[in-house]
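The values are calculated or read from the model by the stated rules, or taken from the named source; none is laboratory data. Please read these numbers as outputs of a predicted model, since none were measured by experiment. Counting neighbours? That spans all protein chains shown, and the Cβs are built from the backbone with ideal geometry, glycine included.
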C-alpha cells in the first residue's frame, strides 16, 4: 500500500532508472558478485582455513581456483572472503552514512551554535589522516573481528557525508515551500519528515553507495597491511598473504589475481551505478532514454 | 486613545554573521514603519536593500537581531502555540519564486489542504469547497490545477495557487515579496488587480515588496524607499513618486525607461552598484549621492518634512534650498 503510493509518485523516475544503461550494467555485475557472496560458501566442501592436502596446485576440477602454499582451497577462501568483505562494506557504509546524515542534518536544520560545534567536530575528523588513525586503533585492539573493523571504518569515514548533507539541508531548509509549510502551521516534526526528508532520499542513497564502496576499500587496505580480522578471511587478507608468500614471483597467479579482480569489479560496478543514478536523479544531468 | 496601526515595526535590526568570527553584514538597520488597516504599502529597494529580510521577519520566519514587530499591539516573537496559529490565520505571505514555493514531490493540493487543516481546523469536503472557491477567486479553474504536480503547471498558475493558499484563511495582512517579478508582463496586471480587489472589497492590508517603481505606483497607497537597510524616504505614493525629495528617489525615478523617449540623448545617470563598504557612521547613500557635503558623514535621521518622512541632510535645516 505504502509502496504502491511511492511507486505511483515516482513512476517517471523509476522508468528512467530502469532504462539507464549505466545502472543496468552496474547492477548486473553487482548482482552476480552478490550472488557469489551469498551462494558461494554453500558450493564448496572445504572451509576457508581448512588444510586440503594439495599444496600450491594450479586450478583444477577439484580446486577451481587452485590451492595456496598452506594447502588452503582458494575458491573457498575467495567466496568466504567476498562475503565478509561485503559485510564489512555494508556495516561500515550504513554506520558512516547514518552518522553523517544525522550530524549533517541537525547541523544544517538547526544552525546557530549547534551548527558551529558539530561542524568544528566534523572539521577535526576531516583533517585527521584517517588511515593513520585506523592503523593506530586497529593495532590497539587485540582480537579484531569483522564487526570491530567495520565499526572503526564507519566511525572515521562520515565527515564528508556530514558536510555534504549539511549543505543539502541548508539549501532545502531555505526553499520557499518550507517557509510556506511553517506559515501553514505545520509542526516542525512533520516539516522535517514530510517536506524535507523525502527530497533528500535519492541523495542519501547515492551517498550510501559511495560509503559502501569506500568502506570495502578501506577494509582491504587495512587487511593488506596486516590489520584486518585476526581470525577469519577476507579478500584483503588473501591478497596480503599472497604478497607475503611471494605468490606472483612463484607463478601462483591463481592466488593473487581472483581476489584483486573481484575487488576491482565490485568497486567499479558501484561507481557505475552511482554515475547512472546521478544522471537520472540530478535534474541537470537527466537525459531521456 | 490613538488608533493603533495593524502592524508596527520598531527599530528593526538584522545582522547576518558568516561563521563564528566572520564579518557582520547589517541587512536591516533600525527600520521603523507602520502598516495601517486596508492599505497597500510598498517597500521598494534594489537587491541587497534588506526588503526581503524585512518581509521574512514580519512573517516570523527569521528572528530579528533587535527591535520589535507588533501585530495589533502584541510582539509577534512572544506568540506561542495557539496564538501563533492565530497569527498565521491573520498574517500570510506570498513569495517571489512560484517554482520553489511548491514541494516538487507533493501535489499542489497538499499545501492548500494543510493550511486549512492546521490553521482553521477544516478538512474533507468542506475544505475542498473552500479551496475551489478561492482558486476561482484568483482566476484559476480548479479542475485544471487540483491533483497536479508543480511541474505540470505554469509559473503564472503556480503563483496564483500560492496566492490562493494565502487567501484560504482570509488574512488581515498579506505580505507579498515580489509576487509578479517572475511572471509574464501580460499576467502581472491581473495578479496586481487581485491584490487591489482584496484591499477594496475585503479591507485586507498588503505589504508589497518590490523593486519595480512603476508597479508600485500602479497599486500602492504609500511607499517606503529602502537603501542598504535604511529608509530613505516614506510617504503617499503620489507625493514620493510625483515630487521626490531624496536624491536616491530622484535617481530611481530618472532611471525608469520611458516608452516615448529614446535613451541615448539624455545625460546618462550613473546607477552602478558600488563595491566599497559604506562607513557605518554616515549616510548610506553618501558615495553615490551627487549632492553629498560634509554633513553627510553623519547618519541622517528619518524626519518629517511636509507630507512625508525623509532621511537626508539636505532637508534637515533647509540647507541648499536651490538643489531641491
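Give the residue, chosen from B:174, B:168, that is in contact with a strand residue (DSSP E or B) (Cβ under 7 Å, 6 or more places away or on another chain), at negative phi and surrounded by 22 or more Cβ atoms within 10 Å (Cβ to Cβ).
Details: B:168 fails: in contact with a strand residue (DSSP E or B) (Cβ under 7 Å, 6 or more places away or on another chain).
Exactly one of B:174, B:168 is in contact with a strand residue (DSSP E or B) (Cβ under 7 Å, 6 or more places away or on another chain), at negative phi and surrounded by 22 or more Cβ atoms within 10 Å (Cβ to Cβ), namely B:174.
Regarding residue A:205, is this residue buried (at least 18 other Cβ atoms within 10 Å of the Cβ), away from every other protein chain (no Cβ under 14 Å), farther than 30 Å from residue B:122 by Cα and modelled with pLDDT of 85 or more? Walk me through how you get there before you give the answer.
Values: buried (at least 18 other Cβ atoms within 10 Å of the Cβ): no; away from every other protein chain (no Cβ under 14 Å): yes; farther than 30 Å from residue B:122 by Cα: yes; modelled with pLDDT of 85 or more: yes.
When the stated conditions are applied, residue A:205 does not pass them.
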Scan region B:84-93 for residues that are more than 9 Å from chain A (Cβ to nearest Cβ) and in contact with a helix residue (DSSP H, G or I) (Cβ under 9 Å, 6 or more places away or on another chain) and jot them down. B:86, B:87
Among the residues of region A:120-128, is there at least one that is under 28 Å from residue B:98 (Cα atoms), within 14 Å of chain B (Cβ to nearest Cβ) and free of Cβ contacts under 8 Å to residues at least 40 places away in the same chain? no
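Which of the residues spanning region A:219-252 are part of a helix (DSSP H, G or I) and either within 14 Å of chain B (Cβ to nearest Cβ) or modelled with pLDDT under 85 (or both)? Let's see the steps before the verdict.
Narrowing region A:219-252 to residues part of a helix (DSSP H, G or I): A:219-224, A:235-244.
None - no residue of region A:219-252 is part of a helix (DSSP H, G or I) and either within 14 Å of chain B (Cβ to nearest Cβ) or modelled with pLDDT under 85 (or both), so the list stays empty.
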Just to be sure before I move on: is residue B:16 out of contact with any helix residue (DSSP H, G or I) (no Cβ under 6 Å at 6 or more places or on another chain), crowded, with 20+ Cβ neighbours inside 10 Å and part of a strand (DSSP E or B) in the structure I sent? no
Take residue A:216 and tell me if it is within 16 Å of the chain's Cα centre (by Cα), assigned to a helix (DSSP H, G or I) and either under 17 Å from residue A:105 (Cβ atoms) or within 14 Å of chain B (Cβ to nearest Cβ) (or both). no
Residue check, residue B:32 more than 10 Å from chain A (Cβ to nearest Cβ) and either in contact with a helix residue (DSSP H, G or I) (Cβ under 9 Å, 6 or more places away or on another chain) or at negative phi (or both): yes
Unmet requirement for residue B:62, which otherwise passes all of (1) at pLDDT 90 or above; (2) surrounded by 14 or more Cβ atoms within 10 Å (Cβ to Cβ): (1)
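Only one residue in B:37, B:126 is in contact with a strand residue (DSSP E or B) (Cβ under 6 Å, 6 or more places away or on another chain), farther than 22 Å from residue B:229 by Cα and either surrounded by fewer than 20 Cβ atoms within 10 Å (Cβ to Cβ) or within 14 Å of chain A (Cβ to nearest Cβ) (or both), so which one is that?
Numbers: B:126 fails: in contact with a strand residue (DSSP E or B) (Cβ under 6 Å, 6 or more places away or on another chain).
Exactly one residue qualifies, and that residue is B:37.
Residue check: is residue B:96 crowded, with 18+ Cβ neighbours inside 10 Å, within 25 Å of residue B:222 (Cβ to Cβ), at the interface with chain A (Cβ under 10 Å from one of its Cβ atoms) and modelled with pLDDT under 90?
Details: crowded, with 18+ Cβ neighbours inside 10 Å: yes; within 25 Å of residue B:222 (Cβ to Cβ): yes; at the interface with chain A (Cβ under 10 Å from one of its Cβ atoms): yes; modelled with pLDDT under 90: yes.
For residue B:96, the condition - crowded, with 18+ Cβ neighbours inside 10 Å, within 25 Å of residue B:222 (Cβ to Cβ), at the interface with chain A (Cβ under 10 Å from one of its Cβ atoms) and modelled with pLDDT under 90 - is met.
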So for region B:155-164 (the condition being touching a helix residue (DSSP H, G or I) at 6+ places or on another chain (Cβ under 6 Å), outside any helix (DSSP H, G or I) and buried (at least 17 other Cβ atoms within 10 Å of the Cβ)), does at least one residue qualify? no
